[in-house]
Amino acid sequence: QVQLVESGGGLVQPGGSLRLACAVSETNASFNIMGWYRQVPGKMREWVATISPSRSTTYATSVKGRFTISRENAKNTVYLQLNSLKPGDTAVYYCSLEQSLSRVWGQGTQVTVSS
């Protein structure tokens, strides 16, 4: 069973930056679509960004131009660079891996944007 482990979350001031990482236990993950989602208490999980095996990327309107998703297949790792952070970006961020019949989730990493 493939496992995803996120890291890099923390507390940052508005306007600051963070880089999240998602380590994938499976060496064939380069063939999978990977993504990032986020969730705040009491709300549904929200899609943030997706990267394809060919490194094509798509972003939610709310983060486009501020966040960048990338992947380093040699390290089985997907990244999410978060710039120009706003208090509204505060959430638990989850990494995802698309399989043919299911989506695998990591445990999440907390990002808090506050002064």
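Bear in mind these aren't lab numbers, they're just calculated from the coordinates by the rules spelled out. Since this is a predicted model, take the numbers as computed values, not measurements. Note: ideal-geometry Cβ built from the backbone for every residue, glycine included; neighbour counts use all protein chains shown.
Kindly list, by first and then second residue, each pair from a residue in the stretch 63-81 that is at positive phi to a residue that is part of a strand (DSSP E or B) and among the aliphatic types (A, V, I, L, M), limited to pairs with Cβ atoms under 6 Å and residues at least 6 apart or on different chains.
Correct list of pairs: N76/V24.
If you go through the stretch 33-55 one residue at a time, how many are of a type outside the set (D, E, K, R), within 25 Å of Q3 (Cβ to Cβ) and free of Cβ contacts under 8 Å to residues at least 40 places away in the same chain?
Qualifying residue count for the region: 9.
How many residues are touching a strand residue (DSSP E or B) at 6+ places or on another chain (Cβ under 7 Å) and at positive phi if we restrict to the stretch 34-62?
Counting residues in the stretch 34-62 that are touching a strand residue (DSSP E or B) at 6+ places or on another chain (Cβ under 7 Å) and at positive phi gives 1.
May I ask you to list the residues in the stretch 59-83 that are exposed (fewer than 14 other Cβ atoms within 10 Å of the Cβ), of a type in the set (K, R) and either in contact with a Lys or Arg (Cβ under 6 Å, 6 or more places away or on another chain) or within 28 Å of N28 (Cβ to Cβ) (or both)?
K75 - this is the single residue of the stretch 59-83 that is exposed (fewer than 14 other Cβ atoms within 10 Å of the Cβ), of a type in the set (K, R) and either in contact with a Lys or Arg (Cβ under 6 Å, 6 or more places away or on another chain) or within 28 Å of N28 (Cβ to Cβ) (or both).
Pull out all pairs, ordered by first then second residue, where Cβ-Cβ is under 7 Å, the residues are six or more apart or on different chains, the first lies in the stretch 1-25 and is of a type in the set (D, E), and the second is assigned to a loop (DSSP other than H, G, I, E, B).
From residues that are of a type in the set (D, E), the pairs are E6/G106; E6/Q107; E6/G108.
Having 1 or more residues that are closer than 14 Å to V111 by Cα is the bar; report the strands (runs of 3 or more DSSP E) wholly within the stretch 1-101 that clear it.
The qualifying strands (runs of 3 or more DSSP E) are 4-7, 10-12, 18-24, 34-39, 46-51, 67-72, 77-82, 91-98.
For A21, only one of the following conditions fails: (1) surrounded by 14 or more Cβ atoms within 10 Å (Cβ to Cβ); (2) on the phi > 0 side of the Ramachandran plot. What is its number?
Unmet condition: (2).
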